[in-house]
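Presented below is the structure to which this report refers.
The values are calculated or read from the model by the stated rules, or taken from the named source; none is laboratory data. Since the model is a prediction, treat every value here as computed from it, not as a measurement. Neighbour counts are summed over all protein chains in view; Cβ atoms, including those assigned to glycine, are modelled from backbone coordinates with ideal geometry. The protein model used for the area step is the full one, side chains on, heavy atoms only, and it has no ligands, DNA or RNA in it. Shrake-Rupley method; radii C 1.70, N 1.55, O 1.52, S 1.80 Å.
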Amino acid sequence: MLQFLLCKGGSFVRYRLMSIEFFVYGTMAVYSLLSQFLANEELSKSQIGILMAILPITSLYANHLNFEIASTIGRVNWLKRVILFAGILFWGLFLFDEFYLKLLFMAVFAFFFSAVTPLSESVIVDITYQMKMNYGRIRLFGTFGFSFTALLMSGLIRLGFVTIFCTFTTLMFLTFLILNPMKEVELGEEEKRKSKKPLPTFFWLLLPVVIFGIAANNFNFVFLPVLMKERNYDVSLASIALSLMAITETPFLLWADEIVKKLGVGFMLASGVFVVGLRNLLVTMTGSPAALLMVQLLQGWTYIVIYYSMMFLIRTFGSARIRAQKYFWVAMGIGPFIGSSVGGVLAENLGLINSYRILGLVPMIVSLFVFLFLRKYERAS
């Protein structure tokens, strides 16, 4: 009877974690359409790049600060608060037309929203670690949430861009409702005693690779809707593309642990960066909406491979994994900042297609050097 109750309780926790992943990444899908809304507001490419860079640059300091606050009042407790603030503040971008007012609201909104995914994943990673659940199968529901919401938005956005903000707030509220009854996730005694355990050198070597790969990937994430607007494609195509991109992550996540164990973290990161570059380069060769959508199917071996490989490595750090997560999420903020800001400047001065070419060829070349270096390092160690 006790075993049955434990299994039942474990299943209930699993469903709750799946729901959190679904709704949190659903908000990411909605947020990804913000650049399309800003382009419709007739902002310049550099202004769009600046606004979209606020979130990642904020995470450079906000992630560490948010984790510190969360360690004081509890990760679940602080997560619930940042979700409510983000859901409300997002509306400032819609209600005010002036660029500098949008910039102000984005700066405040970004502080809270930048904490949603890191804190959610931190809680989920620890629960799956303590309950010996398969994290990849839980994370898969984040992909489902992103894909479903993006597809939903392809229809809703035809009703007006206000649906971006309505849907975002609704998903934030649903996430809050699921989190509200959850208890705090406490560290075990071993983690508390050994929280200052040094992180492996290999981890520090991988962070620059993560930053570079995420930067090149984020450029496509931000400016694909802008490219579609320039080509006068249907307004719903950006949402359809994002939905397809997300669902391509499914095969990898189903067998993520097995794949990373067999191929190694170094190879996974290098291959992820290579495919990011290949996808960006192929974008320049497309001449129709169908061809552009087909190229985006390569997403299944880009961001998720880079992200999951690092999370797989971090989970092996035992008591040091909480501190490693902080540094990892800082890197995950630097990458999108570079992709948005530098990408915006490149697009403004060289045009989108030339910028895609540069951020296609360079990652492909760099990934080869990364692969050779990491293979040599792993053999030496």
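Just need a number here: residues in region 173-194 that are surrounded by 14 or more Cβ atoms within 10 Å (Cβ to Cβ) and either within 24 Å of Y308 (Cα to Cα) or at pLDDT below 90 (or both).
Matching residues across region 173-194 total 6.
Please return the ranges of helices (runs of 4 or more DSSP H) entirely within region 19-117 where 1 or more residues are open to solvent by 40 Å² or more (accessible area, probe 1.4 Å), out of contact with any Phe, Trp or Tyr (no Cβ under 7 Å at 6 or more places or on another chain) and of a type in the set (S, T, Y).
45-73
Looking for whichever is modelled with pLDDT of 90 or more, part of a helix (DSSP H, G or I) and open to solvent by 10 Å² or more (accessible area, probe 1.4 Å) here; the options are L292, L297. Which one fits?
Exactly one residue qualifies, and that residue is L297.
Exactly one of these conditions fails for R139: (1) modelled with pLDDT of 90 or more; (2) surrounded by 17 or more Cβ atoms within 10 Å (Cβ to Cβ). Give me its number.
R139 satisfies all of (1) modelled with pLDDT of 90 or more; (2) surrounded by 17 or more Cβ atoms within 10 Å (Cβ to Cβ) except (1).
Would you confirm, using the coordinates I've provided, whether I157 is farther than 30 Å from F312 by Cα, part of a helix (DSSP H, G or I) and touching a Phe, Trp or Tyr at 6+ places or on another chain (Cβ under 7 Å)?
no
Could we say that I138 is out of contact with any Asp or Glu (no Cβ under 8 Å at 6 or more places or on another chain), of a type outside the set (D, E, K, R) and assigned to a helix (DSSP H, G or I) here? Before you say what the answer is, go through the steps one by one.
On the way: out of contact with any Asp or Glu (no Cβ under 8 Å at 6 or more places or on another chain): no; of a type outside the set (D, E, K, R): yes; assigned to a helix (DSSP H, G or I): yes.
Considered against the rule, which asks whether it is out of contact with any Asp or Glu (no Cβ under 8 Å at 6 or more places or on another chain), of a type outside the set (D, E, K, R) and assigned to a helix (DSSP H, G or I), I138 comes out as no.
How many residues does region 331-360 contain that are touching a Leu at 6+ places or on another chain (Cβ under 6 Å) and open to solvent by 30 Å² or more (accessible area, probe 1.4 Å)?
Within region 331-360, residues that are touching a Leu at 6+ places or on another chain (Cβ under 6 Å) and open to solvent by 30 Å² or more (accessible area, probe 1.4 Å) number 0.
Inside region 314-333, can you point out the residues that are touching a helix residue (DSSP H, G or I) at 6+ places or on another chain (Cβ under 7 Å) and not in a helix (DSSP H, G or I)?
F317
Among the residues that make up region 119-129, is at least one of them under 18 Å from T27 (Cα atoms), modelled with pLDDT of 90 or more, in a helix (DSSP H, G or I) and open to solvent by 10 Å² or more (accessible area, probe 1.4 Å)?
no
Quick one: which residue in L93, L79, L84, L103 is in the same structural domain as G160 (by the TED database) and over 21 Å from G26 (Cα atoms)?
Checking each option against the conditions leaves just L103.
Give V226, V305, V260 a once-over and let me know the one that is modelled with pLDDT under 90 and either in the same structural domain as S122 (by the TED database) or under 20 Å from the mean Cα position of the chain (by Cα) (or both).
Answer to the selection: V226.
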